[in-house]
Structures are given as C-alpha cells and as structure tokens.
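A short write-up of the structure that comes next.
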Amino acid sequence: MRDGFPSVTAAFVAFARGVASNPGIGSPPFRDDLARKLVPFPLGPLVPRRGVTGAKVAQALLRGLSLGLVDHLAMRSHAIDAAVDSAMAEGIDQLVILGAGLDARAHRLESLQNARVFEVDHPASQGYKKRRTVGLPRVARELSYVPQDFTKETLEETLGRAGHDPKRRTVWVCEGVTMYLEPSDTRALFVTLRALSAPGSRLAVTYICLLYTSDAADERSSV
C-alpha cells in the first residue's frame with residue numbers, strides 16, 4: 001500500500017459497488033452512486049454512468065468478467081446496509097466500520113441522520129479517502145476518521161480518542177476483514193469488540209468457511 005492511496009482490495013470493492021449500482025437486468029437491489037467518485041484511476045472511469053447509452057451493456061460485461069464477484073460484493077453490502085438500517089431504527093446511534101476502505105455509508109444511508117460514524121482504517125487509505133470526499137454531501141450526524149496501525153496501537157486507544165462511547169450501543173461492521181486475519185487474531189478482535197459494546201449492540205460480519213484436509217479427516221472451520 002502506498003501512502004495516500006487506498007489498498008487494491010478497497011478500490012476493487014468500491015468499483016464493484018459502483019458497477020452493480022447501475023440498473024440493469026438482474027442487478028441486485030443495491031445502489032451506491034458515490035462509488036464512482038471514490039474509486040481511483042483507472043477503475044473510476046470504467047464504472048458505467050447511470051442513464052448513459054451503453055451503460056447496461058458495459059455493466060453486463062463487467063459483471064461477467066468478474067465471474068459473479070461484482071454481484072456478490074454488492075449483495076453483501078446490501079445485506080449489511082439492511083442490518084444497519086434496522087439497528088438505527090431501534091435507536092442505536094453509533095456505527096463503527098472496521099477496515100472502512102472506500103465505504104460511503106456515512107454519505108448515503110438515510111438511517112444514519114442521527115448517528116455518529118467512526119471509520120477505522122490504515123492512515124494511507126484514509127488520507128486518500130478524505131481527499132476524495134471533499135465536497136460530497138454527508139448524511140451521518142457526525143463522521144470521525146480513526147487512523148489505525150494495529151502494530152502500534154489498540155482499537156480501545158484509537159476509538160477512545162475519537163470519542164466512541166462504550167457505554168452506548170454500537171453497530172459494528174466488519175465487512176471483508178476476517179478473511180485476511182488469522183483465526184487467533186479474529187477471536188482477539190471479537191473479544192475487543194465485546195469489551196467496547198454496551199448491551200444490545202450489534203455486529204455485522206462477513207466470513208468464509210475453509211475446508212482443511214489431512215490424512216486423518218476433513219475439518220471444517222469457520223470464524
């Protein structure tokens with residue numbers, strides 16, 4: 001990762017959200033019109049523009065070339081959006097997005113009007129993100145960028161400085177993060193989140209199931 005640039009993963013996920021947002025036949029029920037403005041060159045110009053001639057054809061081509069990954073990422077985000085909306089409707093007013101990347105929820109989810117959003121990510125990605133969001137409308141009541149270098153500081157320290165209140169209920173979003181962590185690191189993360197969560201808090205997390213094989217037996221492991 002270069003200083004001032006998002007990770008390749010963050011850029012591609014935002015690109016996928018932008019591609020899937022264009023209304024085409026069979027598109028998932030998801031819309032992120034800000035993704036195109038956040039994705040770096042050369043991916044940004046490839047995101048089909050809504051209403052432009054040939055946009056649906058371009059969308060179909062990109063969806064096919066990704067072997068379904070574009071739709072998978074969009075539907076994943078759509079499911080988490082629904083979980084956040086539900087939690088906000090119940091009066092939860094803190095949202096923490098771990099590994100936020102180029103997430104645009106603070107700028108597009110109407111349910112966050114009375115919420116404070118904390119975006120936790122590597123300082124390099126956040127530097128780029130803050131430059132690209134200048135001038136974009138914000139829906140969330142407050143948005144705090146929380147730079148996090150896990151080799152130097154703990155989540156308790158960085159969120160505490162940013163103003164997160166562990167005595168208030170929180171919605172935690174851990175989207176596309178656990179597959180890059182060792183199982184022990186994932187367990188440690190969940191222990192930390194539990195310590196920072198008031199009763200009634202929520203966790204929206206994506207994960208993968210791995211099949212390990214050995215001479216003795218097959219073992220399924222999920223985190």
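The values are calculated or read from the model by the stated rules, or taken from the named source; none is laboratory data. Keep in mind that this is a model prediction, so the values were computed, not measured. Note that each Cβ is placed from the backbone with ideal geometry, even for glycine, and that neighbours are counted across all protein chains shown. Only protein heavy atoms, including side chains, enter the accessible area calculation; ligands, DNA and RNA are left aside. Shrake-Rupley method; radii C 1.70, N 1.55, O 1.52, S 1.80 Å.
Spot the failing condition for Tyr128; the list is (1) in contact with a Phe, Trp or Tyr (Cβ under 6 Å, 6 or more places away or on another chain); (2) surrounded by fewer than 19 Cβ atoms within 10 Å (Cβ to Cβ), and only one is missed.
(2)
Under 8 Å between Cβ atoms, at least 6 apart or on separate chains: pull out the pairs that start in the range 94-110 with a residue that is β-branched (Val, Ile, Thr) and end on any residue that is in a loop (DSSP other than H, G, I, E, B) and modelled with pLDDT of 95 or more.
What qualifies is Val96/His164; Val96/Thr170.
Within the range 74-100, take every residue that is at pLDDT below 90 and open to solvent by less than 10 Å² (accessible area, probe 1.4 Å) and give me the one that is nearest to Leu112 (Cα to Cα). Write out each step before concluding.
Taking the range 74-100 and keeping what is at pLDDT below 90, we get 74-78.
Subsequent filtering for residues that are open to solvent by less than 10 Å² (accessible area, probe 1.4 Å) retains 74, 77.
Working: Ala74: 20, Ser77: 16 Å.
Among residues in the range 74-100 that are at pLDDT below 90 and open to solvent by less than 10 Å² (accessible area, probe 1.4 Å), the one nearest to Leu112 (Cα to Cα) is Ser77.
Take Asp121 and tell me if it is at pLDDT 95 or above and open to solvent by 10 Å² or more (accessible area, probe 1.4 Å).
Numbers: at pLDDT 95 or above: no; open to solvent by 10 Å² or more (accessible area, probe 1.4 Å): yes.
Answer is no for this residue.
Starting from residues that are modelled with pLDDT of 90 or more and over 21 Å from Glu119 (Cβ atoms), keep the ones in the range 195-217 and report whichever is most open to solvent (accessible area, probe 1.4 Å). Show your work before the answer.
Step one: list which residues in the range 195-217 are modelled with pLDDT of 90 or more, which gives 195-206.
Now drop any that are not over 21 Å from Glu119 (Cβ atoms), which leaves 199-200.
On the way: Pro199: 123, Gly200: 47 Å².
Step by step, filter the range 195-217, then rank; the result is Pro199.
Which one is nearest to Ile97 (Cα to Cα), of the residues in the range 181-203 that are free of Cβ contacts under 8 Å to residues at least 12 places away in the same chain and not hydrophobic (A, V, I, L, M, F, W, C)?
Restricting to residues being free of Cβ contacts under 8 Å to residues at least 12 places away in the same chain and not hydrophobic (A, V, I, L, M, F, W, C), the top hit is Arg194.
Go through Arg169, Arg138 for me and flag whichever is in contact with a Ser or Thr (Cβ under 9 Å, 6 or more places away or on another chain), in a loop (DSSP other than H, G, I, E, B), open to solvent by 20 Å² or more (accessible area, probe 1.4 Å) and of a type outside the set (S, T, N, Q).
Details: Arg138 fails: in contact with a Ser or Thr (Cβ under 9 Å, 6 or more places away or on another chain).
Only one candidate passes the filter, namely Arg169.
Does Thr186 meet the test of being closer than 30 Å to Asp33 by Cα, open to solvent by less than 20 Å² (accessible area, probe 1.4 Å) and out of contact with any Asp or Glu (no Cβ under 7 Å at 6 or more places or on another chain)? Let's see the steps before the verdict.
Details: closer than 30 Å to Asp33 by Cα: no; open to solvent by less than 20 Å² (accessible area, probe 1.4 Å): yes; out of contact with any Asp or Glu (no Cβ under 7 Å at 6 or more places or on another chain): yes.
Judged against the criteria, Thr186 is not a match.
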